[in-house]
Amino acid sequence: MSLSTQIMEEIKTAMRAKDTIALEALRAIKSELLLAQTATGSKEEISEADEIKLLQKLVKTRKDSAKIFTEQNRMDLAEPELAQIAVIEKFLPAQLSEDEVEAIIAKIIADTGATGIASMGKVMGIASAQLGGTAEGKTISTIVKKLLT
């Protein structure tokens, strides 16, 4: 089942349950999917990798918003953002732990023979492609920096 079909089913369920927070998050996903699909100018579905990037972007936006609201002691605004993150993350693949990511990156560094921070770009490219939607880019870059220094 494609992501857009899944989202439509979840929207119907959220409407029946009158779950406004889930509905808002699901509509945001649907909107981004439609924008991404029409941006290419084709009627084809976007790829699964692009869908994952899109979902990660939505989660990151909400995390940033929640962080700002929390810093300003606006928990009334932060809580819906955090609840929407939980709804969006249901559609993302399971995230790897930092230890698992570190093991994969260590293997990539050993395979490429990278040494020093100058090789970071090469390692990041391979790691980002390999870890795709299973780890955040910030986590990957932090671990790559740590292992290369």
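A few remarks follow.
- In the set GLU81, GLU45, only one residue is among the charged types (D, E, K, R), in contact with a helix residue (DSSP H, G or I) (Cβ under 6 Å, 6 or more places away or on another chain) and within 25 Å of ALA14 (Cβ to Cβ); that residue is GLU81.
Okay, residues lined up against (1) in contact with a Phe, Trp or Tyr (Cβ under 9 Å, 6 or more places away or on another chain); (2) outside the structural domain of GLU10 (by TED's automatic domain parsing):
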position: ASN73; (1), (2): no, no
position: ASP76; (1), (2): yes, no
position: ILE85; (1), (2): no, no
position: ILE108; (1), (2): no, yes
position: GLY113; (1), (2): no, yes
position: MET120; (1), (2): no, yes
position: ALA127; (1), (2): no, yes
position: GLN130; (1), (2): no, yes
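- The single condition from (1) within 17 Å of the chain's Cα centre (by Cα); (2) part of a helix (DSSP H, G or I); (3) closer than 23 Å to GLN95 by Cβ that SER31 fails is (3).
- Matching entry among THR70, THR61, THR139, THR115 (being hydroxyl-bearing (Ser, Thr, Tyr) and not in a helix (DSSP H, G or I)): THR115
- With respect to (1) surrounded by 12 or more Cβ atoms within 10 Å (Cβ to Cβ); (2) more than 18 Å from ILE21 (Cα to Cα), the lone exception for ALA49 is condition (1).
The values are calculated or read from the model by the stated rules, or taken from the named source; none is laboratory data. From a predicted model like this one, the values you see are computed outputs, not experimental measurements. As a convention, Cβ positions derive from the backbone with ideal geometry for all residues, glycine included, and neighbour counts pool all protein chains shown.
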